[in-house]
Every structure is written in C-alpha cells, then in structure tokens.
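Heads up: the structure comes next, in structure tokens.
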Amino acid sequence: MGQKVNPYGFRLGITTDWKSRWFDDREYQNAVIEDWKTRDYLMSQLEAAAVSRIEIERTRDRVRVDVHTARPGIVIGRRGVEADRLRRQLARITKNQNVQLNIQEIKQPELDAALIAQGIADQLARRISFRRAMKRAIQTVQRAGAQGVRVQCSGRLGGSEMARKESYREGRVPLHTLRADIDYGFREARTTTGRVGVKVWIYKGDILPYKTSADDKISREARMAVGETSGQERPKRMVVAGGGRRRPGLGEPGAAPAETEAEPVAPVVTETEPGVEGEGEPEVRTPPAPDDPLEKLLAEEEDIERRTREQHHDLPHFRKESD
C-alpha cells in the first residue's frame with residue numbers, strides 16, 4: 001500500500017496535517033473550487049519564487065493563505081507591492097475582503113521534496129541530461145543530512161520515441177512505515193518532446209510517538225477553551241517496585257544472597273513532585289544487589305518496559321482476520 005499512494009495522504013492525520021483547514025457543509029463545492037483557483041493563481045504568478053506548498057485556513061469571516069517559499073523577497077516585492085497585488089487578487093477569487101497573506105520562509109530548501117523536484121524539472125526543460133540532474137539532486141539532499149532519498153522521472157526521457165521510467169535511490173525510504181517522516185514532491189517538466197513527470201521522496205527520520213503529540217494538542221486546546229492554562233502537564237512519576245518471580249533463597253528485593261555475606265543496601269528515598277498524585281508520600285526505590293545477574297536482568301527488563309509503555313500504547317494494532 002505504501003508503494004502506491006501519496007505518502008502525504010497516506011499519513012494524513014497521523015504525522016501530517018491538512019493543507020486546507022476549514023469546514024463548510026453548505027458551500028463545500030464553492031470552497032473547494034476557490035482553494036483550487038487560489039493555488040493555481042499563486043503557482044502561476046510565483047513560478048520563480050520557489051514555492052513549495054500553499055496552505056489555506058478559513059474561519060467564519062476570514063481567509064488565511066500561507067505561502068511556503070524559499071525566496072520570500074520575490075513574493076513580497078519592493079516595499080510590499082507584489083504582496084499587496086496578490087492579496088487584492090485573492091480577495092476577488094475568494095469573494096472575501098478579509099484575506100490574510102502570510103509568507104513563510106523555508107530554512108532548508110535542500111530538504112524540501114517539492115523544491116528538489118522543481119529544480120530537476122527546470123534542468124530538464126533546459127535540455128540537461130536527466131541522469132545528471134537526478135544524481136546531482138540526490139547528492140544535494142544527502143549532503144543536507146537526509147537519511148534517504150528517491151528520485152523518479154517518467155516520460156520521453158532524452159527525447160526518445162517511447163516513454164519510460166527511471167529512478168535512483170540512496171539510503172532508506174520506508175514508504176509503508178506510518179511513523180516515518182517522508183516528504184513527497186511532484187512537478188512536471190514541459191520539454192519540447194512532451195511533459196516529463198518528476199517525483200521525489202525524502203526520508204528525514206521517524207516521528208515518535210506520532211499520536212501522543214496530537215492528543216496533547218487537543219487537550220491543550222480544550223483547556224484553553226474553558227479558560228485554563230495551556231501549559232503542558234507534568235508527567236506523572238511512577239512508583240517503581242520490585243517485580244518478577246524470584247528463586248527461593250534470594251530473600252527480599254535488594255537483599256544480599258544467603259550464600260554470601262554482604263552489607264545491606266540502603267533504600268533510596270525520593271520525594272514526588274508537587275502537583276501529582278501521591279503528594280507528600282515518599283517514593284521508595286530499592287536498588288538491586290550489584291553482583292547478582294538475575295537482579296540486573298530484572299532491572300533491565302523493568303526499565304525497558306517503563307520506557308516503552310508510553311511510546312507504544314497508541315500504535316495501531318493489526319489483527320489477522322480469522323476465517
């Protein structure tokens with residue numbers, strides 16, 4: 001499935017967010033057409049501005065358009081003349097005079113898949129060898145610090161009579177892993193022999209945990225709606241107790257084995273932070289015996305379980321259907 005669908009839409013709501021954020025059950029068709037016209041107009045007017053994506057957000061009486069570009073000076077223009085012209089035209093398209101145009105600068109254009117695809121398409125339009133353009137783009141992305149990159153060109157490559165498809169890949173590009181941060185970009189090169197499609201996938205690493213951040217955002221917004229503070233809650237501290245089955249003769253947790261005489265190990269007493277459950281009650285942690293391999297193994301297993309408990313409880317579980 002990950003090899004056939006758009007990586008952005010495949011992870012929508014999990015690691016990626018919508019590019020159009022609004023809700024309208026009555027004028028839905030008109031709003032979709034306005035969004036399409038807005039993006040088409042801006043992309044046609046800002047061909048030399050290295051525009052990566054355009055995000056649109058609508059409220060009851062306001063429309064906000066965010067333009068992510070690597071060259072904000074071209075979008076703004078001298079003394080903001082170009083930005084004012086674009087804003088007036090967007091007001092005509094959306095039929096709303098309260099249009100807010102925000103220009104967001106892309107700090108690392110070498111790690112933006114759409115801009116890399118646009119660069120390859122521009123080189124193909126100038127009749128540069130597609131292999132050289134693809135390999136040069138891969139080297140640029142690798143030097144920028146990406147963990148993997150894949151580039152694919154489809155069409156009449158090199159002016160050949162029959163269309164074909166060629167791709168190059170460096171590093172890892174896990175398309176089926178939902179928690180993977182995959183940036184995807186697609187552009188078309190208009191050559192003298194026809195259009196050539198360019199696709200770029202850039203793997204930047206994993207996002208963990210990928211659902212906890214969204215839940216935290218929802219909870220913060222809910223607290224702000226009722227007038228409470230939006231600050232993050234302090235994580236609750238867990239009281240660690242000795243667990244696992246023990247062999248007879250080992251005694252209580254933390255005690256020395258009966259075969260050897262050792263000095264008793266004093267328990268470590270730490271107080272809980274204020275504002276959490278169990279305030280004022282000391283937290284007792286009994287360290288294991290330093291020379292017992294079983295105690296070391298149990299402590300390692302408890303530590304692994306404690307660290308992974310909060311990371312994997314929201315991961316999707318896939319169950320095999322029984323016949």
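The values are calculated or read from the model by the stated rules, or taken from the named source; none is laboratory data. Model, not experiment: these values are computed from the prediction. Methodologically, a virtual Cβ is constructed for each residue, glycine included, from the backbone with ideal geometry; neighbour enumeration extends over all protein chains shown. We work out accessible area using only protein heavy atoms, side chains counted, and drop any ligands, DNA or RNA first. Shrake-Rupley method; radii C 1.70, N 1.55, O 1.52, S 1.80 Å.
Miscellaneous remarks
- Pairs where the first residue, in segment 157-172, is farther than 27 Å from residue 183 by Cα and the second is open to solvent by 90 Å² or more (accessible area, probe 1.4 Å) and part of a loop (DSSP other than H, G, I, E, B), C-beta under 9 Å, 6+ apart: 159/127; 159/192
- Any pair with Cβ under 8 angstrom, 6 or more apart, that starts in segment 18-31 at a residue that is in contact (Cβ under 8 Å) with a residue 24 or more places away in the chain and ends at one that is in a loop (DSSP other than H, G, I, E, B): 22/59; 31/22; 31/24
- If you check 55, 47, 27 for being closer than 30 Å to residue 141 by Cα and either in contact with a Gly (Cβ under 7 Å, 6 or more places away or on another chain) or open to solvent by 80 Å² or more (accessible area, probe 1.4 Å) (or both), only one passes: 47.
- For segment 188-220, the candidate set comprises residues that are at pLDDT 75 or above and out of contact with any strand residue (DSSP E or B) (no Cβ under 7 Å at 6 or more places or on another chain); within that set, the residue that is surrounded by the fewest Cβ atoms within 10 Å (Cβ to Cβ) is 192.
- Members of segment 1-22 that are open to solvent by 70 Å² or more (accessible area, probe 1.4 Å) and basic (Lys, Arg): 4, 19
- Residue 139, sole failed condition from (1) more than 27 Å from residue 38 (Cα to Cα); (2) surrounded by fewer than 20 Cβ atoms within 10 Å (Cβ to Cβ); (3) touching a Gly at 6+ places or on another chain (Cβ under 7 Å); (4) not β-branched (Val, Ile, Thr): (3)
- Restricting 119, 77 to residues that are farther than 18 Å from residue 39 by Cβ and crowded, with 19+ Cβ neighbours inside 10 Å narrows the list to 119.
- Across segment 119-142, not a single residue is classified as under 30 Å from the mean Cα position of the chain (by Cα), farther than 14 Å from residue 198 by Cβ and part of a strand (DSSP E or B).
Results for (1) under 18 Å from residue 114 (Cα atoms); (2) at pLDDT below 95; (3) open to solvent by 50 Å² or more (accessible area, probe 1.4 Å); (4) in contact with a helix residue (DSSP H, G or I) (Cβ under 7 Å, 6 or more places away or on another chain), shown as yes or no for each residue.
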| position | (1), (2), (3), (4) |
| --- | --- |
| 134 | yes, yes, no, yes |
| 146 | yes, yes, no, yes |
| 158 | no, yes, yes, yes |
| 170 | yes, yes, yes, yes |
| 173 | yes, yes, no, no |
| 177 | no, yes, no, no |
| 182 | yes, yes, no, yes |
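- Set 14, 93, 116: member being in contact (Cβ under 8 Å) with a residue 24 or more places away in the chain and under 22 Å from residue 188 (Cβ atoms): 116
- Strands (runs of 3 or more DSSP E) (entirely within segment 48-116) containing at least 1 residues that are touching a His at 6+ places or on another chain (Cβ under 6 Å): 51-58, 99-105
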